[in-house]
Structures are given as C-alpha cells and as structure tokens.
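Input: a single structure, listed below in structure tokens.
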Amino acid sequence: LKGTKVFKNLSEFTAGFMIEGVSFEGGVVYYTGKSRPKFLFPDLGGRIRSKEYSIELVDNLSEAIQNSGVEYDENIITSHADSNDESCVIDKQTSVELGVIRSERIPDLISTLTELPRGRISNHFRELLSNPPPEKCRKIIRNIVSEFLRNEEGLEETVVLDEERIVRCLRSEETPTIMFLQILKSLRRGKLWLDWFEDPAIAEYVSWNVGRKVSLDELIKGGKRLEEIIERVIHDPDDDKFIVDNDRYGETDEQIYWVHPHSEDADKFGKDFSFKLNNYLNRNEKIYNNRIKQSTSPKINKIFNLASTSRNAVIKAVETDLLNIDKKGEIDNKFLKNVIFDVFNNDVYFRNKPEDWEEKEYVQVIDRNGKRLPRYTTENLRKKISTYKEVTQDCRSEVSKELKKLARDVMASERGHESLVDYLRVNLIFKSLEEHVRCSKSKNWTLLDDIDAQNPTSLKLNNFRPYWDETFVPNNIEISANDIVLLTAPNMSGKSTVMRAVTNIILLNMCGLLTPTSSGSAPSYSSIFFRGASSDVPVLGRSGFGNEMEDVKNMFEICDDKSWVVFDELGRGTSPKDGTAVGAAVMEKMAKDGIGGIFSTHLFGIVDIAKSFEGVVNMRMKSKVNELNEVEWCYELEEGVCDDSMAIATARRFGLPEEVVNRAIEFGKLVTQDGKVGDADLPGLNTASTSTATVDLPTAKKILSKHAPNSPTCIDINAAMLPPPSLEGRSCVYVLKIPPKSGDGNFSKYYVGETESINQRLKQHRSKRAKGYQYSKVQAAVVGIEGGKSKARLTETKVMKELEGLGFDLISKGDIDNKKFSSS
C-alpha cells in the first residue's frame with residue numbers, strides 16, 4: 001500500500017517532536033488528513049497501531065523519526081498493509097466523547113464491558129475500541145463471542161500475563177523460575193483456546209492484533225517449540241506427582257526428605273512444628289524447589305543431591321539434638337515449645353537452655369553480625385545448618401545460570417519471542433472476550449444481527465439503553481444507513497444520552513462485541529465522528545465557535561458516505577441567526593455527501609430549512625403534560641419535531657431562584673425566535689412576579705396520591721402532630737416541608753423518603769438542626785404503600801422526579817442525580 005511506513009521501538013521516540021495536527025495519546029498517534037495512506041506504529045509487544053494520514057505527514061514524520069534514531073523497517077509486511085479490508089477511523093475527541101478514553105465528564109465505557117476495570121484486559125478493550133478492527137477481524141471477534149454464548153462446558157482459568165514485561169525479562173536474562181512456569185502454563189492454555197475455537201481464521205485476527213502475518217500452522221508449531229525448550233529445564237506445573245505448598249511447587253518424596261504436614265513425621269513432631277520446620281527449609285530452597293529438573297545437567301544433578309543430603313541432615317540434627325526423642329519415639333512438648341525458627345538469622349535453636357537435659361553440651365548462638373545471643377544450640381546442629389546454607393546457596397547460583405541459559409535459548413529459537421507474544425495475545429483475546437460475555441450477559445446485552453459490510457441496509461436498534469444506566473427508558477430507532485436524524489428536544493430530556501447510546505452501540509458492534517439492546521442490526525462504518533458541546537481553547541487561541549468550525553472542517557476531511565457523524569447542538573457558540581445558517585449549511589453538505597448520523601439542535605429554523613434535504617428524518621424526545629398542567633419528560637425517542645426547549649422548566653428543576661424564573665418567563669414573552677426583543681415595553685424592574693406553578697405541600701400531596709393510586713388516602717401531619725399508629729410496620733412514602741427561619745429570606749425545602757417506621761423517622765427529622773431552617777416545625781404528607789419496600793422505593797423515585805421537574809427545592813435530589821445522569 002503506497003505510503004505505508006512501519007517503525008520499530010517507537011516507544012523510545014521523544015515527546016519533543018511536534019507537527020501541527022498531530023497528538024500522541026496512550027501510544028496512538030492521531031492526525032486528520034485529506035488522503036488515506038497507512039501509518040503503522042508497533043509497541044514493545046509487537047502490536048501495531050494503524051491510522052490513516054496525509055502523504056505529506058507520512059513523509060515529514062518519517063524523516064523526523066528516522067533522524068531521532070528510531071529503527072525503520074522497509075521489509076515488514078503486516079496484515080494491515082496487505083489487506084484492502086479497511087479499519088474504522090476514530091479520532092481522539094470521539095474516543096473521549098464515547099467513554100473509550102477516560103474523562104471526568106463521560107462515564108467510562110470500558111468498565112461496563114468487564115468486571116476487571118484495571119489491567120491488561122481493560123487496556124485491551126480500550127485499544128480495540130480506539131482502533132476498531134477491519135471487517136474480517138470483527139467477524140472473528142463476533143464468532144468467538146457467539147461461541148462463548150453457546151458454550152455449556154466448564155472453562156479452565158486463564159491468567160493474562162504482561163507480555164512486554166516478560167519479553168523484557170527474557171532479553172535481560174533476568175527471568176525467574178515462576179515466570180517460566182507462567183509462560184509454560186500460558187502456552188498450554190493458548191493451545192487449548194485454539195482447539196476450543198476450532199476456526200483457522202483466528203490466525204488472521206492474531207496477525208492484525210500483533211501487527212505481523214501469522215499462520216495457524218506457525219502459531220501451533222511456535223508454541224510447541226517453546227514448550228519443548230522450557231520443559232527441558234522447568235518442571236511440569238500440571239504434573240500431579242508434585243506437591244504444592246503455598247502456591248510453590250514442592251519436591252517429590254524421591255528427591256528429598258520433606259516433613260509434609262500429613263506424613264508420619266508430622267504426627268510425630270506435631271503439625272504446627274512440622275509447618276514451621278518446612279517453611280524454614282523452603283525459604284532457603286524456594287528459588288529452585290522442584291522447579292528446575294534435576295536432569296537438566298550433570299552439575300545440577302550433583303548439587304541437588306548434595307542439597308537433599310544436607311536437608312535430611314538438618315532434620316535429623318533437629319530431631320536428635322533439640323527434640324529429645326526417647327526410645328519410644330515420643331517427644332516432650334516442652335522441647336517443641338522451646339524451639340525457635342529465626343527468619344532474620346536463618347537459624348534454628350533453643351529459646352532457653354533445658355535444665356533437665358545434661359547429656360548434651362550446648363553452645364551459644366552467634367547471629368549474622370557476629371554477636372552472641374542468649375540462645376542455645378548444639379555444635380552438631382550448627383555445623384549441619386552451616387553446611388546446608390552453603391549448599392543451598394550453590395544451588396541458587398547454578399539454577400540462576402541455567403535460567404539465564406534458558407532465556408537465551410527461548411530468544412534464539414525460531415520466531416522466539418514472537419511466538420511467545422502470539423500465544424500471550426491469544427490468551428489475552430480469549431480471556432478478555434470471556435470476561436466481556438460474563439459481564440454483559442448478566443445485563444442482558446445482545447449481539448446485533450450480522451450484515452454485509454459492503455451492502456449495509458439500515459440501522460435498527462430495539463430497546464437500546466445507554467451503557468452506563470440500565471434503568472434508562474428503552475428506546476427504538478430504525479433509519480437507513482445514510483439517513484441523518486434531525487433531533488429536536490427539550491433540555492434535560494435525554495437527547496444527548498440517546499445520541500451517545502446509539503453511537504456507542506455502533507462502535508461496540510463494529511468491534512464484534514455485545515451491545516445494550518434486545519436486538520437489531522447496524523452497518524459497519526468507515527469512520528465515526530462524535531462532537532458534543534464545544535468550549536474555547538485558549539492555548540490555541542480559539543473560541544468555542546471557532547473550535548466547532550475546526551471540528552466541522554476535520555469531519556469533512558475524513559468522513560465519506562460510509563461514515564457515522566453526530567453533532568450535538570452545532571452552532572450554540574454564536575447568535576441564533578448565524579448558528580441556524582451554519583448548521584443548516586453543514587447539514588445540507590452531509591446530506592449531499594451521503595453521510596449518516598444524528599444532528600441535534602435547539603435552533604428550530606434548521607428544521608424548516610432541512611425540509612428540502614434528502615435523507616433527513618425528524619425525531620424528537622417525547623414529553624407530556626400531567627394533571628397539574630406541568631411538563632413531564634418521558635425520555636423516549638419518537639418521530640416528529642419539538643418546537644419548545646422548555647428551558648424555564650429545566651431552570652426551575654435545577655433550583656434557580658423562583659424570582660429569577662418568573663422574570664425569565666416575563667422576558668421570554670418579548671423575545672422573538674431569532675433572539676431579538678419585540679416592540680412591547682419591557683416589564684418594570686421592580687414589578688412583582690408570580691409563580692406559574694404552585695410549589696407547596698398540597699401540590700406535593702396530589703403527586704404523592706397520584707403515584708400511589710391503590711393505597712389508602714394520603715394523610716396530612718402538621719408540625720405538632722404525630723402519624724397514626726395504623727401506619728407503623730407498613731411501607732410508607734412521605735414528603736416533608738421544611739420551613740425557613742423567619743427573616744432569613746429562604747424558601748421552604750422539601751424532602752422525599754420511604755420508611756417502614758414513619759413515627760421514628762419523623763422524630764429523627766424533627767430532631768435535626770440546620771442553619772436557616774426549622775426542622776422542629778416539619779410538616780408531612782404520608783401515604784402507606786401496598787406491595788412492600790420495593791414498591792415504596794419505586795414510588796419514592798417517581799415522586800422525587802416529578803417534584804424536581806416542577807421546581808421543588810429537594811434536599812433529597814442527590815438520589816435522583818445519581819440515577820439521572822442519563823437524562824443529560
């Protein structure tokens with residue numbers, strides 16, 4: 001492919017290099033260009049990032065990178081470069097808006113795909129969603145997910161290893177025995193995964209993932225070679241004849257004399273003492289203890305035999321010199337309790353010299369610093385332990401040499417560390433998807449229907465929800481692949497949530513993953529572009545509107561008739577007139593170019609202009625008027641046009657002072673659609689304002705009764721009253737009115753709660769103290785709920801939502817905020 005450049009060790013590239021339009025984020029280079037050659041960046045593990053850039057950038061950046069000393073490989077061929085199956089392009093800001101890259105503003109998408117929010121698996125998903133795979137690889141991922149959904153057999157545990165750390169340890173010849181054991185297990189687990197999936201196409205996805213062409217035959221043979229090399233030195237971790245102690249592989253009875261907790265010697269010494277003695281010995285032998293095969297070399301065989309003899313001599317000396325075993329083989333417990341296993345000095349001795357054992361000659365213990373301790377041992381035991389320490393040290397030294405040689409053999413073998421990286425990546429792929437299926441299946445996520453990427457038909461999603469909120473009202477959408485949804489809706493009606501949810505589902509589907517829907521289908525797009533609200537960028541000297549225009553320019557450069565584009569309220573950074581004109585022009589060009597997506601706006605003039613555009617579908621967020629003549633948001637997507645943003649209702653909901661809200665209503669009567677003020681006189685600045693809705697306890701009582709239609713009559717409880725005894729032990733929902741202290745100028749606050757002991761709860765509320773408010777004079781409206789605590793909680797939530805929508809100042813609204821991020 002013309003323009004393809006592949007570089008090695010780019011991770012060593014300095015951060016001082018800069019080109020306009022280029023940014024580095026998590027090892028990925030982002031750039032917006034007009035033409036589309038590939039630019040591939042491998043990391044230490046062999047993975048290659050593939051993005052599309054302008055020829056000029058490739059040439060300039062290539063020269064700069066080469067000058068910086070980064071190695072350039074002209075001969076490498078990757079699955080990206082030799083395939084016409086294009087990957088989807090997603091820019092950095094879109095990744096942020098969709099929750100792929102972490103942001104304080106957007107819920108993290110990755111944490112909903114797996115219950116392991118940190119580590120290799122979450123990083124794997126973040127990389128996958130930042131750089132969606134080509135269509136062939138997407139189908140392979142989808143097939144693996146489908147296989148997990150169909151599987152009804154038990155699966156062995158898979159441990160995901162850090163491939164970069166392992167390769168680094170092998171290169172530096174600093175690989176411990178436990179790491180070789182992990183590698184051996186990973187090679188075997190990877191082979192089991194390949195056998196389980198039974199699809200040769202997996203090699204193509206591994207190739208795309210690691211950035212090198214890998215055949216299934218090479219994959220299997222490479223793993224077998226590495227297994228044989230490691231097995232010549234390292235003990236088989238799955239062999240049942242070896243004893244496991246505290247996750248360390250113990251030795252066989254044929255190799256050494258080991259005081260096993262369930263052996264006859266353990267019964268003789270006492271199990272607690274046996275554990276202590278065994279742990280003391282294992283601390284000296286843990287580096288090589290049954291991990292290196294004794295047959296590895298003649299030298300290893302000889303030194304291991306010496307270690308076994310020396311260990312048995314120490315145990316025998318402890319038995320004869322410290323435990324005072326009589327002719328019957330019995331031990332006096334007072335001797336057992338007097339023995340100390342000294343970790344710091346690596347020694348065994350008596351705490352106190354036994355007074356009734358005069359046959360033995362005791363000597364004082366000398367610590368590692370040459371200082372005499374008030375502790376006692378025998379000369380025989382001291383010599384045996386000294387010899388044992390020397391032999392075990394020799395063992396560790398010889399084992400270290402063998403491990404270094406083994407690391408060299410692994411790296412020098414055919415395809416060496418490449419085969420290892422391939423198998424580690426196989427484990428990462430399957431374990432990640434296994435965890436994804438477990439996590440997503442518990443939330444009833446599904447796979448969308450598979451469709452031909454070359455002939456996409458339509459976007460159809462049934463009962464979809466945002467990934468971060470399972471309680472959000474399910475929605476449906478069905479449009480052609482190149483249609484533009486012109487979405488109008490009131491503030492806080494869930495418009496942005498729906499746009500983000502649809503785009504996230506498209507992205508998840510393009511990666512072959514499960515989606516928060518009940519069913520549906522979605523095309524595979526060549527690029528995804530999502531822009532939410534823009535703010536100014538002082539560093540670049542751009543205003544909010546200037547930033548929007550930069551985004552529009554970038555979008556037209558990289559998007560085509562196979563792209564999905566979302567603009568949330570484009571033009572909000574300028575006047576209504578200019579915003580309408582620019583927004584309509586952008587939407588017209590998108591329609592002409594066949595670019596599908598969603599275009600939301602509060603500039604209703606765009607709706608009138610767009611009537612002449614082809615492929616535009618008008619949709620809105622549903623709302624309704626309740627019995628109190630107040631607007632309720634339904635959070636449902638439907639066909640049609642919304643011509644009222646309901647900003648006043650939103651302002652009241654978020655606690656804007658009622659005086660300000662009322663003045664806004666009065667001023668709103670004078671403002672025309674284009675933002676100008678009509679000819680009528682402005683209301684006087686000191687004119688008293690009146691509320692358009694009654695915010696009081698009687699209104700709250702009506703709402704409480706409405707949401708509990710099958711329950712008894714709602715009861716008023718004044719400040720000096722107690723609730724009736726008949727409500728005790730029943731699930732109740734209540735609304736409190738908390739009056740302000742006189743002269744403080746505050747409005748009353750309200751609280752919504754549920755309880756099964758209304759009398760106790762009311763006492764607790766009335767005993768509270770808060771600056772500016774009189775909790776002792778709390779009034780309440782209470783209703784008993786049929787259906788128990790769960791029904792009461794549901795009623796409580798509904799009442800809170802409606803009261804807040806009417807402008808009630810709720811001190812319990814934090815409960816709503818936690819559940820209603822979805823409404824933003």
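The values are calculated or read from the model by the stated rules, or taken from the named source; none is laboratory data. Note that the structure is predicted; figures quoted are calculated from it, not measured. Heads up, the Cβs are rebuilt from the backbone with ideal geometry, glycines too, and the neighbour counts pull from every protein chain shown.
Of all residues in segment 115-129, those satisfying the criterion of being assigned to a helix (DSSP H, G or I) and aliphatic (A, V, I, L, M) are I121, L128, L129. Please verify whether segment 408-417 includes one or more residues that are closer than 21 Å to E285 by Cβ and under 49 Å from the mean Cα position of the chain (by Cα). Checked against the condition, which is being closer than 21 Å to E285 by Cβ and under 49 Å from the mean Cα position of the chain (by Cα), segment 408-417 yields no hits at all. Of the listed requirements (1) more than 18 Å from V167 (Cα to Cα); (2) modelled with pLDDT of 90 or more; (3) surrounded by 23 or more Cβ atoms within 10 Å (Cβ to Cβ), L424 misses just one: (1). Selection within segment 437-493: residues that are farther than 30 Å from L116 by Cβ and of a type in the set (G, A, S). The member of this set that is modelled with the highest pLDDT is S480. Here segment 115-154 is the region considered, the condition is being aliphatic (A, V, I, L, M) and touching an Asp or Glu at 6+ places or on another chain (Cβ under 8 Å), and the residue that is modelled with the highest pLDDT is I140. Per the conditions (1) more than 27 Å from N289 (Cβ to Cβ); (2) more than 41 Å from the chain's Cα centre (by Cα), the sole criterion not satisfied by K389 is (1).
Restricting attention to segment 283-315, the residues that are touching a residue at least 60 places away in the same chain (Cβ under 8 Å) and either assigned to a loop (DSSP other than H, G, I, E, B) or of a type outside the set (A, V, I, L, M, F, W, C) (or both) total 12.
Scanning segment 535-587 for residues that are modelled with pLDDT under 85, among the hydroxyl-bearing types (S, T, Y) and within 21 Å of R500 (Cα to Cα) yields a single hit, S535. Among the residues of segment 358-392, the ones that are among the charged types (D, E, K, R) and outside any helix (DSSP H, G or I) come to 9 in all.
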